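Have a look at the structure below, then the notes.
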Amino acid sequence: MRKDKKQVIGDEIGDAQIKLFLDFEPIDATSPSLHKLIKAYRGLRIDDFERFLVFFVEAGLDLDGKDEHGKDFIALIQDQRNAADYIELINKARG
């Protein structure tokens with residue numbers, strides 16, 4: 001592949017499909033906001049996750065939601081390989 005070409009895997013997804021990640025609800029003591037962030041993190045590519053965050057914030061959801069152990073999204077993903085890009089997006093969304 002040429003260096004100036006970005007590899008795209010899978011089809012582009014629309015806003016309606018991204019907004020479906022706002023519908024997920026936890027089955028434990030995890031905050032609904034955190035649960036939605038984790039589902040989106042696991043299910044969306046970085047560009048789509050960035051778009052998701054716009055809808056997430058517009059919906060008035062909490063970027064600092066915690067799980068039953070008091071950990072927020074950043075604490076849960078910080079040791080993962082691609083976490084830096086997602087953490088940067090979360091911090092940007094916080095303002």
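Laboratory data are not the source of any read-out in this text; all were calculated from the coordinates shown. Since we're looking at a predicted model, the values are computed, not measured. Every residue, glycine among them, receives a Cβ derived from its backbone with ideal geometry; neighbour counts consider all protein chains shown.
The residues of segment 30-59 that are under 14 Å from residue 72 (Cβ atoms) and among the small types (Gly, Ala, Ser), listed by number, are 31, 33. Looking across segment 28-54, the residues that are over 16 Å from residue 86 (Cβ atoms) and of a type outside the set (D, E, K, R) come down to 29, 30, 31, 32.
Among the residues of segment 31-43, the one identified as of a type in the set (S, T, N, Q) and either surrounded by fewer than 19 Cβ atoms within 10 Å (Cβ to Cβ) or more than 20 Å from residue 69 (Cα to Cα) (or both) is 31. Within segment 57-95, being in contact with a Ser or Thr (Cβ under 8 Å, 6 or more places away or on another chain) and surrounded by 15 or more Cβ atoms within 10 Å (Cβ to Cβ) holds for 61, 62, 63, 65, 66, 67. Within segment 44-54, the set of residues being surrounded by 17 or more Cβ atoms within 10 Å (Cβ to Cβ) and touching a residue at least 40 places away in the same chain (Cβ under 8 Å) comprises 49, 53.
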